Amino acid sequence: MSFLLSILTFLPVVGAIIVLLAPSDGLKKGLAFSATIATFVVSLLLLPGWQEIPDMQFVERYAWMPDLDIYYYLGVDGISLWLVLLTTLLMPIAVAFSNQHIKESVGSYLALMLLMETAMLGVFLALDLVLFYVFWEFSLVPMALLIGKWGSQNRIYAAVKFFLYTLAGSALMLVAILALYFHAGTFDLLALQSAGLPPGVQQLAFLAFALAFAIKTPLFPFHTWLPAAHVQAPTAGSVVLAGVLLKMGTYGFLRFALPLFPVATSNYASLISVLAIVGILYGALVALAQRDLKSLVAYSSVAHMGFVILGIFALNEQGISGAVLQMVNHGLSTGALFLLVGMLYERRHTRLLSEYGGLWASVPIFSFFFLVVAMSSAGLPGLNGFVGEFTILLGTYASNPLFAVLGVTGIILAAWYLLHAFRQVAQGALENPANFKENLPDLNWAEIGQLAPIVLLFFAIGLAPNFFLSKINPSVAALEVVQSKAPAVVWQIEP
Amino acid sequence: MDTSLLFDNAIVLLPEIVLAVGVMVLMMVDIGLMAEPENRTQRRKDAKAPREQNSAALLSGLTVVILLLSVGAALFIWSRPPAEYLGGAVSDGFALSARLIVLLAGIFGVLLSRNYLPAIERQSGAYYSLLILAVIGMMLMGTATNLIVLFIALEIFSLALYILSGFYRESARSIEAAMKYFLLGAFASAFFVYGSALLYGAGGSANYVRIHETLSSGGGNPSLVLPGIALLLVGFGFKVSLVPFHMWTPDVYQGAPTPVTAFMSVGTKAAAFAGFFRVMMTALPSLYDQWAVLLAVLAALTMTVGNLTALRQSSVKRMLAYSSVAHAGNILIALVAGTAAASSAALFYLFAYAFMNIGAFAVIVALERTGEGDVAQSRFDGIAERFPALAAAMAVFMLSLSGMPPLAGFFGKFLVFKAGVEAGWSWLVVIGVLNSAISAYYYLRVVVAMYFSDAESEPARNTGAGLNFSVTVAAVAVIVIGLQPGLWTGLLRGLGI
């Protein structure tokens with residue numbers, strides 16, 4: 001048995017403790033960055049030994065509460081692999097960004113970021129329902145504190161709303177977990193999958209789990225906490241929130257709702273798909289109407305996460321594989337968008353679109369990155385977003401052509417609001433003196449260093465999707481809901 | 001009666017005997033100190049330290065020693081097979097765990113009381129004697145296997161607590177609390193004794209097992225049993241603060257000196273629940289179908305009313321009082337479930353509750369100004385800046401009380417809810433988790449005030465070795481139990497009744 005996953009999960013906690021003990025702010029920043037880089041390096045060790053099989057790999061299992069059949073049980077498969085790597089990649093970037101801009105209580109801030117990383121990795125790796133629930137709930141605390149302490153004007157309201165909304169959503173999940181134990185006698189996810197729960201139990205338990213995941217994702221109409229939290233959160237908080245935290249919801253659907261409740265999943269698939277489409281269109285239209293750049297990106301998340309849900313509930317291999325890949329894509333592109341918004345905000349202290357215009361002339365490097373990221377988010381072929389969205393739409397078309405048609409409308413709207421934002425910011429005449437070259441410095445090397453890895457991955461995923469999909473597919477194909485469908489044609493892009 | 005019987009198995013009561021002897025020693029030492037001539041204590045360099053200061057330090061130290069001796073006695077009889085004493089008391093794992101929780105509350109109570117009130121300093125002999133007496137009564141509650149012993153235990157600790165809660169004589173609120181507690185408590189005791197009498201009439205004995213034998217074999221007078229249970233419920237409901245018998249709780253919690261509140265909030269709850277569990281599950285299991293539904297309704301009502309009312313409190317002591325009402329509802333779910341696993345889950349819950357609740361009150365003691373007796377929510381504003389460790393500890397207690405993993409409070413709730421679902425009370429557990437979510441709001445409000453609000457002009461903080469020690473130990477315990485709950489469930493396994 002290897003300890004790789006435990007080291008991966010708890011390395012950030014060790015980092016957090018060291019950061020809190022470190023004497024100076026400069027040292028704290030350096031240590032926190034090193035801790036996230038070390039975690040990233042450890043997570044890369046998953047790749048060399050990776051086998052393209054459906055099973056859990058690098059499994060660790062120890063008795064945690066032996067009297068109650070509760071285990072410390074970690075494992076990673078094709079569904080979680082890229083989410084783990086996404087987390088470990090975005091954290092050093094978020095910490096690097098914070099190191100430049102956070103001035104208040106640096107130690108606590110960085111320690112909370114590191115605790116956040118442990119919580120998120122734990123969610124993606126836990127295979128025991130109780131352990132999962134512990135990480136899931138715990139992830140609320142550092143994020144709420146980050147928003148509430150280091151956010152902008154309305155931060156306390158946003159933090160409390162975020163905390164209570166998601167906490168209330170997952171309360172019933174705890175009852176469902178207990179009910180599953182009552183019926184199957186185990187909290188072990190893999191054992192529960194083969195337990196074959198009675199349909200009546202599946203229906204209720206699915207609803208309880210789905211509520212928690214729908215709020216986290218967020219699925220329309222449970223999204224109201226998200227714009228508040230995003231707009232108020234500090235930039236690095238938004239990056240983590242949009243980049244990783246939202247994926248916990250969609251990951252939850254994939255890891256728990258689909259395998260444990262196949263019957264209920266099939267029953268509710270249409271309803272949830274409709275909600276996803278409403279979310280796609282609603283999020284896109286609201287994004288279009290935003291005057292604040294950060295709100296625009298926040299609402300675009302609602303739309304994009306709707307796409308992921310649509311793919312999952314197509315309940316076939318393309319749809320789900322595309323959804324897994326799109327989770328990563330959205331994490332990268334929205335993370336980058338929030339970083340760009342943050343970089344601009346730190347210079348100008350405003351996020352209103354009307355304050356900008358013609359930035360291409362004054363800050364060309366920034367504008368270039370903004371363009372690439374917007375294109376990735378809009379799904380331009382050759383970049384990552386296209387692969388994910390196209391695969392999802394193929395899957396959706398196979399299960400319900402009407403949903404696919406409506407989904408495509410969302411892509412058009414996404415291109416519209418993103419280009420609208422780009423035009424407002426970078427194009428047109430450079431009129432506002434605050435935006436002149438001498439007043440507005442372009443991106444420095446540190447900032448380019450934060451964006452470059454993300455942009456490189458846009459191209460990597462866009463041009464060589466097979467490298468990523470081939471690791472995702474076996475685990476997706478093994479899902480019971482997928483196997484019960486007629487085998488679909490596997491679609492892959494060859495570079 | 002053959003007098004040799006009197007000493008058979010008397011070891012069952014060893015922890016209480018240690019305390020009873022201790023109280024007498026304490027009182028004699030107190031008298032000795034009072035008689036001591038002035039000049040002998042004048043050797044102390046600090047001229048400002050009055051004579052009471054020194055004797056108070058001595059007496060509180062002695063009290064801690066006595067309580068620790070009793071802990072030792074409890075652990076000693078734990079290593080021996082369970083035994084019963086004269087059909088009135090038993091030394092099984094359940095009784096011993098309940099005793100340890102009470103002793104824990106007692107030790108914390110003493111540590112928090114140092115330097116808290118001039119009145120306590122002046123009359124520390126009386127104060128600590130009463131505290132030990134209360135501990136004796138509380139310990140007997142879970143130990144008793146006989147309605148008469150149970151009633152005596154109830155009266156011992158209740159009377160001691162009435163006096164303790166009025167110990168802050170300069171405060172009208174403290175006097176009011178004591179008076180209210182006494183009047184309502186006496187009333188509840190009357191109900192309790194009535195119920196016991198009816199059960200005695202129905203079962204033909206005061207011993208739980210005999211009552212059970214009579215009732216389950218179809219004997220006994222059914223028209224006496226159900227009224228008996230109902231009256232007994234009123235008595236217990238008062239002591240553990242179930243809605244609608246909870247009205248005294250906020251006033252007494254707020255008015256009593258804070259160390260007393262800390263001690264009694266945990267001690268009374270553990271003791272009364274231990275007695276409650278034992279009566280219901282050993283004397284009346286044959287009527288489970290009748291009382292379980294009644295208790296389920298009370299539990300739902302208690303959780304909901306407690307949490308909703310706590311939302312609207314501005315005094316932190318009152319907030320914690322309503323929170324303790326809500327927690328009583330949670331623990332009651334375990335009794336409704338009525339299984340052995342459920343009662344050991346309740347023990348886990350009470351252990352967790354002891355640390356997190358006493359910890360929270362200890363933080364209040366730290367922030368109270370001399371003679372104030374209460375702390376408004378606004379006192380917590382921005383204290384994270386000035387006292388980061390204290391604020392972090394309070395955050396741990398608040399999050400644990402709200403049931404946030406991985407802290408002790410979460411696993412308490414988890415185990416109780418699990419027992420509830422397994423016994424088929426899913427609807428009650430659903431109400432429980434929804435209430436948990438509601439409760440997060442008012443606990444979180446304290447955390448928000450500490451970390452996000454601007455500091456009050458001059459936040460003060462009381463220090464003291466006992467106080468700091470209590471806060472630290474409680475916080476560490478809450479975290480350690482949360483990270484390694486398996487150790488504790490292992491210890492408590494099979495201790496249910």
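The values are calculated or read from the model by the stated rules, or taken from the named source; none is laboratory data. Fair warning: this is a prediction, and the values are worked out from it, not measured in the lab. Because the Cβ atoms are built from the backbone with ideal geometry, glycine has one as well, and the counts that use them run over all protein chains shown.
Summary table below
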quantity	calculated
Which numbered condition residue B:402 misses (of (1) without any contact (Cβ under 8 Å) to a residue 40 or more places away in the chain; (2) under 24 Å from residue A:65 (Cβ atoms))	(1)
Every residue from region A:74-127 that is among the small types (Gly, Ala, Ser) and free of Cβ contacts under 8 Å to residues at least 24 places away in the same chain	A:119
Subset of region B:386-411 that is more than 10 Å from chain A (Cβ to nearest Cβ) and not small (Gly, Ala, Ser) - its residue that is nearest to residue B:469 (Cα to Cα)	B:390
Residue A:324, sole failed condition from (1) crowded, with 24+ Cβ neighbours inside 10 Å; (2) in contact with a Ser or Thr (Cβ under 8 Å, 6 or more places away or on another chain)	(2)
Breaking point among (1) within 14 Å of another protein chain (Cβ to nearest Cβ); (2) within 20 Å of the chain's Cα centre (by Cα); (3) more than 30 Å from residue B:489 (Cβ to Cβ), for residue B:365	(1)
Subset tally (residues that are aromatic (Phe, Trp, Tyr) and in a loop (DSSP other than H, G, I, E, B)) for region A:425-468	1
Residues of region B:232-248 classified as crowded, with 20+ Cβ neighbours inside 10 Å and over 19 Å from the mean Cα position of the chain (by Cα), total	1
Any hit, region A:377-384, residues being aliphatic (A, V, I, L, M) and either more than 24 Å from residue A:278 (Cα to Cα) or surrounded by fewer than 21 Cβ atoms within 10 Å (Cβ to Cβ) (or both)	yes
Residues satisfying the stated conditions in region B:211-227, i.e. part of a helix (DSSP H, G or I) and without any contact (Cβ under 8 Å) to a residue 24 or more places away in the chain	B:213, B:214, B:222, B:223
So residue B:346, is it within 19 Å of residue B:411 (Cα to Cα), in contact (Cβ under 8 Å) with a residue 12 or more places away in the chain and not polar (S, T, N, Q)	yes
Pair list, Cβ < 7 Å and 6+ apart or interchain, from region A:41-58 residues that are assigned to a helix (DSSP H, G or I) to residues that are of a type in the set (Ser, Thr, Tyr)	A:43/A:88
Flag for residue B:473 being crowded, with 24+ Cβ neighbours inside 10 Å and under 21 Å from the mean Cα position of the chain (by Cα)	no
Of the criteria (1) within 12 Å of another protein chain (Cβ to nearest Cβ); (2) touching a strand residue (DSSP E or B) at 6+ places or on another chain (Cβ under 8 Å); (3) in a helix (DSSP H, G or I), which one residue A:64 fails	(3)
Test result for residue A:475, at pLDDT 85 or above and surrounded by 15 or more Cβ atoms within 10 Å (Cβ to Cβ)	yes
Leading residue by the ranking (nearest to the other protein chains (Cβ to nearest Cβ)) among those in region B:376-385 that are assigned to a helix (DSSP H, G or I) and aliphatic (A, V, I, L, M)	B:384
Among the candidates B:466, B:373, residue that is of a type outside the set (Lys, Arg), on the phi < 0 side of the Ramachandran plot and more than 11 Å from chain A (Cβ to nearest Cβ)	B:466
Any helices (runs of 4 or more DSSP H) falling wholly within region A:152-256 and containing at least 1 residues that are under 16 Å from the mean Cα position of the chain (by Cα) and closer than 30 Å to residue A:98 by Cα	A:155-184, A:199-216, A:225-232, A:235-240, A:246-252
Region B:389-440: number of residues that are of a type in the set (Ser, Thr, Tyr), assigned to a helix (DSSP H, G or I) and closer than 30 Å to residue B:367 by Cα	3
Per-region count, region B:145-157, residues crowded, with 24+ Cβ neighbours inside 10 Å, over 17 Å from the mean Cα position of the chain (by Cα) and either part of a helix (DSSP H, G or I) or not polar (S, T, N, Q) (or both)	1
Top-ranked residue of region B:411-469 - restricted to ones that are of a type in the set (S, T, N, Q) and over 16 Å from residue A:168 (Cα atoms), ranked as modelled with the lowest pLDDT	B:457
Among the residues listed as A:166, A:224, the single one being surrounded by fewer than 21 Cβ atoms within 10 Å (Cβ to Cβ), modelled with pLDDT under 90 and among the polar types (S, T, N, Q)	A:224
Output for region B:199-213, where each listed residue is of a type in the set (A, V, I, L, M, F, W, C) and crowded, with 21+ Cβ neighbours inside 10 Å	B:199, B:202, B:206, B:211
Qualifying positions in region A:418-469 - over 19 Å from the mean Cα position of the chain (by Cα) and among the β-branched types (Val, Ile, Thr)	A:425, A:448
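Table: residues versus (1) within 30 Å of residue A:102 (Cβ to Cβ); (2) surrounded by 17 or more Cβ atoms within 10 Å (Cβ to Cβ).
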{"residue": "A:341", "(1), (2)": "yes, yes"}
{"residue": "A:354", "(1), (2)": "yes, no"}
{"residue": "A:386", "(1), (2)": "no, yes"}
{"residue": "A:406", "(1), (2)": "no, yes"}
{"residue": "A:412", "(1), (2)": "no, no"}
{"residue": "A:416", "(1), (2)": "no, no"}
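Residue-wise test of (1) at pLDDT below 95; (2) crowded, with 24+ Cβ neighbours inside 10 Å.
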position: B:121; (1), (2): yes, no
position: B:138; (1), (2): no, yes
position: B:164; (1), (2): yes, yes
position: B:175; (1), (2): yes, no
